[in-house]
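To start, the structure under review is shown below, and the notes come after it.
Any read-out appearing in this document is the output of simple, stated calculations on the displayed coordinates, not a laboratory observation. Worth saying up front: this structure is predicted, and the values here are computed from it rather than measured. Heads up, the Cβs are rebuilt from the backbone with ideal geometry, glycines too, and the neighbour counts pull from every protein chain shown.
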Amino acid sequence: MDTLPDLFEGLYGNERLKVMLTHSISAGTLSHAYILDGAEGSGRNTAALLIAAALAYATADDGNRDDLRRRVLEGLTGDIVIVDLTEKRKSIVVDQIREVKEAAIIRPGELNCRVFIIRHAETMNQQAQNCLLKLLEEPPHNQFFLLICSGASNLLPTIRSRAPVIRMQVFSHDVLSDYLIANYPKAKKLAEKSPDRFAAAIRTADGRIGSALENLSKADQSAKARETSDMLISTLANGGRMSLFRRLGGLPVKREELTALTEAMQLSLRDIIAAKYSSETSMLSYDDADDALDLSERFTAAELLRLNDVLVEAYDSLQRNANISLWRVSLLDALSSV
């Protein structure tokens with residue numbers, strides 16, 4: 001094959017992935033399946049689309065390689081098949097994999113290959129994984145499979161043995177900050193106008209560009225959630241459990257805002273627990289570890305564990321569409337009993 005274009009433009013970092021796949025395309029040694037392992041926001045979906053486009057490019061006839069690659073990137077071809085969770089199902093089930101198996105025996109339409117992208121692959125039950133394994137053992141010609149997951153260890157060893165695992169890169173805070181400031185005007189503006197809020201968005205992204213961008217898009221909401229979280233935790237730390245109900249009017253009333261509040265409290269609690277037992281753990285919520293340490297000294301270990309249970313249950317009940325008015329009162333009642 002002639003000199004390749006940059007097939008992975010748009011995916012920052014991840015040089016190992018780029019070098020390995022570019023070499024495989026040049027050498028004609030592409031695997032029929034790959035596992036992209038990384039948390040939400042790590043670039044795994046972007047990588048999957050770029051790999052699909054690269055596969056379309058590698059298997060195409062010389063005259064229309066670039067056009068077919070462009071069509072994949074723009075979502076204009078039916079030969080890229082997405083398998084995902086549904087509203088009613090929280091896991092990939094065997095019927096979905098059977099549909100993949102049936103589609104895989106049909107020749108591609110527009111492309112010279114077909115690519116199946118299976119999102120949340122770690123949620124496949126045993127039956128679904130066994131069904132997929134049979135397909136990976138004897139893959140039809142020019143049918144490729146990209147498994148996106150947040151924990152490759154949840155997949156059967158036999159599946160992992162037939163699909164190279166590519167782990168998405170996690171970036172340091174400094175690298176993530178520099179990249180966002182250089183490439184996203186909104187990030188640069190926030191970093192200049194409100195360095196603390198920008199730093200918080202970076203800290204809670206866990207080294208993932210997508211997560212950082214989501215944090216930045218919700219910077220105002222996150223700042224308000226953090227403020228309310230600090231108020232509630234400080235009230236508890238100062239022994240004002242019975243005065244918590246006076247804070248009811250300060251709680252948000254929208255489900256999305258309450259979810260953000262619960263997440264902010266969980267992050268703060270994580271830092272408080274970490275500070276109580278280790279002086280070396282990096283903070284995700286507090287700018288100064290001494291603030292978390294000071295709060296940790298005002299709670300017993302048992303109280304921190306009960307607080308964690310309260311927040312987990314509060315978050316889960318929100319996801320189960322709890323009544324908002326009742327939820328707000330129930331949260332304060334549960335916190336007061338810690």
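Within 10 Å of each residue's Cβ, count the other Cβ atoms and sort TYR277, TYR184, TYR34 from fewest upward.
Values: TYR277 10, TYR184 16, TYR34 24.
Ordered by Cβ neighbours within 10 Å, fewest first: TYR277, TYR184, TYR34.
What does the convex hull of the Cα atoms of region 18-139 come to per residue, in Å³, rounded to a whole number? All intermediate terms of the calculation are to be shown ahead of the outcome.
Values: hull volume 14.7 nm³, N = 122.
In region 18-139, the Cα convex hull volume per residue is 121 Å³.
Run the simple label-point estimate for GLN126 and ASP67 please: 7 Å along Cα→C-beta, distance reported in nm.
Here the modelled spin labels are 5.0 nm apart.
Looking at the chain as a GNM with Cα springs under 10 Å, which of LYS18, LYS88, LYS193 has the largest mean-square fluctuation?
LYS88
With the dipole of region 218-336 worked out from charges on the C-beta (+1 for Lys and Arg, -1 for Asp and Glu) around the Cα centre, which of ALA237, VAL312, PHE299 lies farthest toward the positive end?
VAL312
Using only the alpha-carbon atoms, what does region 232-334 span along each of its principal axes? Please give whole angstrom values in decreasing order.
Here the Cα extents, ordered largest to smallest, are 40, 26, 23 Å.
At 0.36 nm per residue, and after removing the present C-alpha to C-alpha distance, how many nm does the segment from LYS90 to ALA237 gain when stretched out fully? Mind dumping the intermediate values first?
Values: separation 147, 0.36 × 147 = 52.92 nm, distance 3.75 nm.
That pair, LYS90 and ALA237, stretches by 49.2 nm at full extension.
Taking only Cα atoms and a 10 Å spring cutoff, compute GNM fluctuations for the chain and point out the largest among ILE159, ILE97, ILE105.
ILE105
Roughly how many nanometres apart are two label points built 7 Å out from the Cα toward the Cβ at ILE105 and VAL170?
In this crude spin-label approximation the distance works out to 4.3 nm.
With the chain treated as a Gaussian network of Cα nodes joined by springs under 10 Å, which of LEU176, LEU76, LEU326 yields the largest mean-square fluctuation?
Between LEU176, LEU76, LEU326, it is LEU326 that shows the largest mean-square fluctuation.
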